[in-house]
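Each remark here refers to the structure printed beneath this line.
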Amino acid sequence: MTLEQDLGAITKAEQDINGRHDELSTLATKLQNECESVPHSVWQGGARQAFDQATMRLHEEMRKTNQTLAVIGEVMQSNRKKIEEEVANQEQSYGGIAQ
């Protein structure tokens, strides 16, 4: 693979990861709103405690997943910038040789 191909692949991966991050954020908000809209009168006692615990766990797992996607997106962005710099350096080197 050439650096230009690598750059294209990394740019696409970065966009895909950021898209998934956005989708998950939207889904997390929707789920949180749905869980919060369940009236307390629907479940009582142990059932309510189980629902609340499941809801808290779901939110925590989604937060962790979203945080991981954000970190992966940052790594991909960093890699993309490094490859862009390398491509620019190669273009300068080739330009110097051609002159």
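Bear in mind these aren't lab numbers, they're just calculated from the coordinates by the rules spelled out. Keep in mind the model is a prediction, meaning the values are calculated, not measured. Methodologically, a virtual Cβ is constructed for each residue, glycine included, from the backbone with ideal geometry; neighbour enumeration extends over all protein chains shown.
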Checklist line | Karplus (6.51, -1.76, 1.60) ³J(HN,Hα), θ = phi - 60°, over the range 37-46, in Hz, Gly and Pro reported as x | finding: 7, 6, x, 4, 6, 5, 10, 10, x, x
Checklist line | Three-way shape label, the chain, alpha-carbon gyration tensor, a/c 1.5 | finding: prolate
Notebook entry, point to check: Can you give the extra length, in nm with one decimal, that the chain gains between Asn18 and Gln5 once fully stretched, where that is 0.36 nm per residue apart less the Cα-Cα distance?
Noted result: 2.7 nm
Checklist line | Net dipole in debye of the chain [+1 Lys, Arg Cβ; -1 Asp, Glu Cβ; about Cα centre; nearest 20] | finding: 420
Item checked: Within straight-line cross-link reach of Lys12, lysines at Cα separation under 18 Å, skipping those fewer than 8 residues along the same chain -> Lys81, Lys82
Check: Toward the positive end of the charge dipole of the chain, about the Cα centre and with charges on Cβ (Lys, Arg +1; Asp, Glu -1), which of Gln90, Met76, Ala9 goes farthest?
Finding: Met76
Notebook entry, point to check: Using θ = phi - 60° and the Karplus form 6.51 cos²θ - 1.76 cosθ + 1.60, what ³J(HN,Hα) does each residue of the range 60-75 get, whole Hz, x for Gly and Pro?
Noted result: 5, 5, 5, 5, 5, 5, 5, 5, 5, 4, 5, 5, 4, x, 5, 5
Check: Taking every eigenvalue of the Cα gyration tensor of the range 2-58, multiplying by 5 and rooting it, what semi-axes result, largest first, whole Å?
Finding: 42, 10, 4
